[in-house]
Amino acid sequence: MTKLNVTVPAVDVEVNGVKYRKVERDARSGDIIRYTGADDYVTTGAFYEVTHLDTFGDPQINDDDGNNYDLCGEDFVVYSKVSEPTTEYREVKRWAAPGERIRIVDKVSYEERYENGAEFVVDSARGNGDVRVTVGSALVLLNEYVVLVPVSAEEPAPRRLTVGDYAKVIANSTIHNYTIGSLVKIVRDDNDESPYRAEKTDGTEGNFLAEKDVEPATEAEFLAQKRLKVGEFAKVVAKNRMFTDEHVSVGDVVKITEDDDSSRPFKAETIGGMRAGWFTESELVRATDEEVAEAKRKLAAETTTTDPRSQFAKGEKVRLISGGGEWPLVGYDNGGIYEVDTPLYDTHRSGPVIKIVGGGLSRGYAKPEQLAKLTIEVGSTVRLTIKDGEKPRHGWGGVRNSAVGKVTSIDGISAYVSFPEQRRWCALLSELTLVSDGEKTQQQPEPVRFKVGEYARTLVAKSSIPTGSIVRVVRDDEDSRPFRSTLLDGSAHHYYTQDELEPLDAETAKWATIGRKVNEFKDGDIVQVVDDSCLEVDGAIKNGDIVTLEHAGADMFRLQRSGVDGGNYASTHRFKLITPVEQRFDRMELEAMKAAA
């Protein structure tokens, strides 16, 4: 809906803290009008903003569907913004602080709680420049506002950008190779005349930027320029009715389920698992974590117990108690345990049903009274149950199949489980089974505290250190967030709790520094022989010899040494890595020559 929420005293109205007064003149761009006519697309008595005047001077508004609406010949009352005769302000483009006044100058298209020109007082500020305002607790993005500074006030010096900050490229004073208007993430700061080196949205790094070539930007703006991937969440900012399901609206959050690289590449489903349709890249923007969480909360509030199917969740395990073997449950047996695919499946010819999977056929359809929940709740004792040949969605970590632990929290279709081997382990609910009282284990012991010098894998994302990064514990302050941990190359550090780190042995960390698993060798690696038994050619290659690997399939390699020619084949346990192929100077020079040629 594009009609405005206003407070109506007498002849004045108030929109998002801005006062408007009834005037007897033609409407102008930036005015608001009270519609007094009658039309299906515009609500009688509602207020709308005049977006512009057409070539004939007729005012234009956005109707209740968000489409342009011409007021030519229509009945309406005009309201003009009331000038503030008190303090004079000047606009400054910088990050706002709590208590400061801001003005909206570039409203995002999907925001309906305020319009351009609205002014607010900042209630709280986030570390990326976004702020929350006192009216409606709305989140205002950095690129949407300017700070209003009293003319008499002295403007504080803006905060200097540094490593980990996001920026927009606004000029080119150093002949850099970044595109004007593009968003970047600063990854290096030399603190000189052209201090910044930055990561582009395609993952590559450019050359150096001067401070005057950039201005602050947000992580959301940076991510919005990256192409969406399957499994990510996006916000609908525009739609085509031919390709989008009618229950999907602009502003809804959807999940990408398919990308076919066509002109309309993205197939999506709603938060509730219903089909959303196909979208172009311009019709979607990447949704923030806050927007996804809000969409899930909204779904939970809207899905009431009036529909008995709402008690089931996507990915949940259920037992079939009736109707097995008969259409539409052919291939599904009474007493069998299956998985909920779509709780609110409304387009089946037998009426509203629950779509389940895991039976003899790819899908079955059951009424809610035909299913019984296998409930996993916070505090439940569960067993990790993964089919042979498969692995958990988020990897094994320090846990093995059939491990028993206790659920500490649940978020949608996922849960955090405390296992003896790893306290904070994330799993899909579908990967867990309830453990009966007789099977429950004794209370789990507390994990061994990290020691300085040990290695770990991060379980949460922090600035410049994403989830899954390998770090080294360099300090223990013995406080609420004690473990100061650094990336192996020393480029960034943060403080972590015990639950935010996963123990990692030194050998795994050592191999991870070159981007490999333990004992993962490649064609061209230089190694040292440690077991020459079974090596042929009259003992020409012996323990201690330095040789080059030539991949021969599976985990077998042919050992090559200058002046020796023969069938010396060995598996990976017979040698140790000296120099990975990526770090060989001779290979680097060869690749450079090829590139030059």
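Just so you know, in region 19-41 the residues that are closer than 24 Å to R103 by Cβ and not in a strand (DSSP E or B) include one that is farthest from the chain's Cα centre (by Cα), and it is A27. Residues that are within 36 Å of the chain's Cα centre (by Cα) and open to solvent by 30 Å² or more (accessible area, probe 1.4 Å) were ranked within region 53-89; the one that is farthest from S29 (Cα to Cα) is D65. Taking region 237-271 as the range and being assigned to a strand (DSSP E or B) and of a type in the set (A, V, I, L, M, F, W, C) as the test, the residues that pass are V253, V254, I256, F266, A268.
When you look at D12, is it closer than 24 Å to R103 by Cβ, over 37 Å from the mean Cα position of the chain (by Cα) and open to solvent by less than 30 Å² (accessible area, probe 1.4 Å), yes or no? In short, no. Only a single criterion out of (1) open to solvent by less than 70 Å² (accessible area, probe 1.4 Å); (2) of a type in the set (F, W, Y); (3) touching an Asp or Glu at 6+ places or on another chain (Cβ under 6 Å) is not satisfied by Y41, namely (1).
Mind listing whichever residues of region 387-416 are within 22 Å of Y338 (Cβ to Cβ), open to solvent by less than 30 Å² (accessible area, probe 1.4 Å) and part of a strand (DSSP E or B)?
Scanning region 387-416 gives V407, S414, A415.
For R241, the criteria (1) open to solvent by 70 Å² or more (accessible area, probe 1.4 Å); (2) basic (K, R); (3) under 17 Å from the mean Cα position of the chain (by Cα) hold in every case but one, which is (3).
The set of residues from region 113-131 being at pLDDT below 80 and surrounded by fewer than 18 Cβ atoms within 10 Å (Cβ to Cβ) comprises R113, R126, G127.
Would you check if D477 is at pLDDT below 85 and of a type outside the set (V, I, T)? In short, no.
Each row is one residue, and each column tells you yes or no for (1) modelled with pLDDT under 85; (2) within 19 Å of the chain's Cα centre (by Cα); (3) farther than 30 Å from A372 by Cβ.
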site: G272; (1), (2), (3): yes, yes, no
site: S282; (1), (2), (3): yes, yes, yes
site: E302; (1), (2), (3): yes, no, no
site: S310; (1), (2), (3): yes, no, no
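Scanning region 320-330 turns up no residue that is in a loop (DSSP other than H, G, I, E, B), within 13 Å of L371 (Cβ to Cβ) and touching a residue at least 60 places away in the same chain (Cβ under 8 Å). The requirement of being within 30 Å of T385 (Cβ to Cβ) and crowded, with 17+ Cβ neighbours inside 10 Å is satisfied by I271. Only residues that are within 12 Å of V254 (Cβ to Cβ) and in a helix (DSSP H, G or I): list them for region 287-298, please. Those that are within 12 Å of V254 (Cβ to Cβ) and in a helix (DSSP H, G or I): E291, V292, A295. Tell me, which residue of region 181-199 that is in contact with a strand residue (DSSP E or B) (Cβ under 6 Å, 6 or more places away or on another chain) and not in a strand (DSSP E or B) is least open to solvent (accessible area, probe 1.4 Å)? Among those residues, the one meeting the criterion is P195.
Every condition in (1) modelled with pLDDT under 85; (2) open to solvent by 40 Å² or more (accessible area, probe 1.4 Å); (3) on the phi < 0 side of the Ramachandran plot is met by V18 except one, and the failing one is (2). Regarding D525, is this residue open to solvent by less than 60 Å² (accessible area, probe 1.4 Å) and touching a helix residue (DSSP H, G or I) at 6+ places or on another chain (Cβ under 9 Å)? Against the criterion (open to solvent by less than 60 Å² (accessible area, probe 1.4 Å) and touching a helix residue (DSSP H, G or I) at 6+ places or on another chain (Cβ under 9 Å)), D525 qualifies.
Of all residues in region 215-236, which are assigned to a loop (DSSP other than H, G, I, E, B), closer than 29 Å to Y145 by Cβ and open to solvent by 30 Å² or more (accessible area, probe 1.4 Å)? Quick ask: steps written out before the conclusion?
Here is the first cut: in region 215-236, the residues assigned to a loop (DSSP other than H, G, I, E, B) are 218, 225-232.
Pick out the ones that are also closer than 29 Å to Y145 by Cβ and you get 218, 225-228, 232.
Selection gives Q225, K226, R227, E232.
Within the set T257, T218, the sole residue that is modelled with pLDDT under 90 and under 28 Å from S109 (Cβ atoms) turns out to be T218.
Of the residues making up region 160-174, one or more are exposed (fewer than 13 other Cβ atoms within 10 Å of the Cβ), in contact with a helix residue (DSSP H, G or I) (Cβ under 8 Å, 6 or more places away or on another chain), not aliphatic (A, V, I, L, M) and not in a strand (DSSP E or B).
Can you work out which of the residues in region 332-386 that are outside any loop (DSSP other than H, G, I, E, B) and of a type in the set (D, E) is surrounded by the most Cβ atoms within 10 Å (Cβ to Cβ)? Please lay out each step first, then the result.
So the first thing to find is which residues in region 332-386 are outside any loop (DSSP other than H, G, I, E, B), and the list is 337-345, 353-357, 364-366, 368-373, 381-384.
With the extra rule that they be of a type in the set (D, E), the set shrinks to 339, 341, 369.
Numbers: E339: 17, D341: 19, E369: 10.
So the residue we want is D341.
The values are calculated or read from the model by the stated rules, or taken from the named source; none is laboratory data. Keep in mind it's a predicted model, so treat the numbers as computed, not measured. Neighbour counts run over all protein chains shown; Cβ positions are idealised from the backbone, glycine included. Ligands, DNA and RNA are stripped out before the accessible areas are found, and what is left, the full protein with its side chains, is counted by its heavy atoms. Shrake-Rupley method; radii C 1.70, N 1.55, O 1.52, S 1.80 Å.
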